[in-house]
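Engineer: Following this message is one structure expressed as structure tokens.
The values are calculated or read from the model by the stated rules, or taken from the named source; none is laboratory data. The structure displayed is predicted, hence computed values, not measured ones. Every residue, glycine as well, gets a Cβ built from its backbone with ideal geometry; the counts of neighbours run over all protein chains shown. To get the accessible areas, we keep the full protein, side chains included, count just its heavy atoms, and leave off ligands, DNA and RNA. Shrake-Rupley method; radii C 1.70, N 1.55, O 1.52, S 1.80 Å.
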Amino acid sequence: MQKFIRRFPKLQWKLTLSYVFITAVVLLLFELLAITIVFLVVNANLPQIVLSGAQQEVPQATTYFVHGAPDRESLTAWLNIPNPYANGSYQGGTVVDKQGQVIASAGDKAIKVGLALQTQISAQSATNLRAVLAGHTDSRGLVNQEANGSIVAIVPIVDKDKTVQAALVLKTNNVAQANGYWVSFYLLYVILPSILFIVFIAGVIGPIAGFFTARNFTRRFQKLSLAADNWSQGNFSAFAQDTSSDELGQLTRHLNGMAEQLQNLLQTRQKLAILEERNRLARDLHDSVKQHIFVVALQVGTAKLHLGPNTEEVQRPLAEAEHVLLQVQQELKTLIRELRPVALEGKGLGVALQELVTQWTQQTNITANLQIESKQTLPLLVEEETYPIFLQN
């Protein structure tokens, strides 16, 4: 079975074949259960079933009695008519008159006409026959099971006035033979047709149901696969859409949540990398360019001091150069402050906020206290985004 399924590489066809197989197995199990129940019921009620069969034959037998006289030839011909539902299960059928003598008989063990039937059956069956002929029972008749396992059903044949004219006696084979016949009968007329019907249903409904169900699953897996391809390329903004509440839907939502977390992590790392680069540029500008400009400005100022009188033509360019250097220093200081607030330089958010509160108190003459319970160091990105909020307020 597995080798056969491997010939179909796609998940959709594998699920379809599985549906066909499962549908057939389930239907066959139900069929087997139903047949078992039927056999148990039949075996437990076999005598009553035989009696009911005899009762159904009586109305036909009544038509062969004209003014109380039996038509022997018609009765014999009627008893010899093959019955596919009884053939193999009954030893034979016999019609007796009110004295218990055989009028007509047919079957595997037909009884000679004119013989007393009481001598051919068991004592209990003979007692039942006398009771039925005497009218001591209702029209349903009597049934009993003999010692050899055979079942004898006796039903009265009555006229329009409900007077007993004769009796129909049906005798089956023993229970084992009867059950064997019924097993064969059910195999031929019930089980085999039902198996063919089950195979047809499994072969038609199974593939249809399996195809559409499998197609639904494969489409959902394709959406998840497409999202996974985007994630592998670094695009974590793509999500798989699945609103179902089953396991696959829950898995899709978990993976979407993971992709969202990865996207946030990448954005945070990107911001942190930008911030670290800004800090590095601020340090470089402060430690190198700013210091060099300061030295140049100092040298220009010193040169102005060493010039003698009547040097206005030289003093003027030096003064302009000194002014430009001061502007550059101021712009560089502003640029460094924008890259990283001076208040946070080497201090951390807690110390910077404490200095900000102290400065505000001095400027406004309003007493303000700042209490920071936790000494935990915050990430650099959080400090950079939090400090400007306090500056605006």
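Engineer: Within segment 288-310, can one find any residue that is under 30 Å from Arg219 (Cβ atoms), assigned to a helix (DSSP H, G or I) and open to solvent by 60 Å² or more (accessible area, probe 1.4 Å)?
Structural biologist: No, the conditions are met nowhere in segment 288-310.
Engineer: Kindly establish whether Asn230 is without any contact (Cβ under 8 Å) to a residue 40 or more places away in the chain and either open to solvent by less than 80 Å² (accessible area, probe 1.4 Å) or outside any helix (DSSP H, G or I) (or both).
Structural biologist: yes
Engineer: Name the residues in segment 285-314 that are under 22 Å from Glu331 (Cβ atoms) and either under 60 Å from the mean Cα position of the chain (by Cα) or acidic (Asp, Glu) (or both), would you? Break it down stepwise before answering.
Structural biologist: Pass one, segment 285-314, residues under 22 Å from Glu331 (Cβ atoms): 285-301.
Residue satisfying the conditions is Asp287 alone.
Engineer: Of all residues in segment 83-104, which are at pLDDT below 85 and open to solvent by 90 Å² or more (accessible area, probe 1.4 Å)?
Structural biologist: Tyr85, Asn87
Engineer: Here is a follow-up. Report, by residue number, each residue of segment 255-284 that is more than 20 Å from Ala228 (Cβ to Cβ), among the small types (Gly, Ala, Ser) and under 57 Å from the mean Cα position of the chain (by Cα).
Structural biologist: Listed by number, the list holds a single entry, Ala273.
Engineer: Now for a different question. Which one of these does Asp242 not meet: (1) of a type outside the set (A, V, I, L, M); (2) open to solvent by less than 40 Å² (accessible area, probe 1.4 Å); (3) modelled with pLDDT under 80?
Structural biologist: (3)
Engineer: Another question, if that's okay. Going through segment 117-174 one residue at a time, which ones are of a type in the set (Ser, Thr, Tyr) and assigned to a strand (DSSP E or B)? Working first, answer last.
Structural biologist: The first filter runs over segment 117-174 and keeps only residues of a type in the set (Ser, Thr, Tyr), leaving 119, 122, 125, 127, 137, 139, 150, 163, 172.
Correct list: Thr172 only.
Engineer: Could you say which residue among Ala321, Ala368, Ala352 is among the hydrophobic types (A, V, I, L, M, F, W, C) and at pLDDT below 75?
Structural biologist: Working: Ala321 fails: at pLDDT below 75; Ala368 fails: at pLDDT below 75.
Unique residue meeting the criteria: Ala352.
Here is a yes/no grid of residues against (1) in a helix (DSSP H, G or I); (2) modelled with pLDDT of 85 or more:
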position	(1), (2)
Pro9	no, no
Val26	yes, no
Phe30	yes, no
Thr36	yes, no
Leu51	yes, no
Ser74	yes, yes
Ile81	no, no
Val113	no, yes
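Engineer: Which numbered condition trips up Gln263, out of (1) under 30 Å from Ala238 (Cβ atoms); (2) out of contact with any Ser or Thr (no Cβ under 8 Å at 6 or more places or on another chain)?
Structural biologist: Unmet for Gln263, out of (1) under 30 Å from Ala238 (Cβ atoms); (2) out of contact with any Ser or Thr (no Cβ under 8 Å at 6 or more places or on another chain): (2).
Engineer: Select, from Arg283, Arg278, the only residue that is at pLDDT below 80, touching a helix residue (DSSP H, G or I) at 6+ places or on another chain (Cβ under 7 Å) and part of a helix (DSSP H, G or I).
Structural biologist: Every option except Arg278 fails the conditions.
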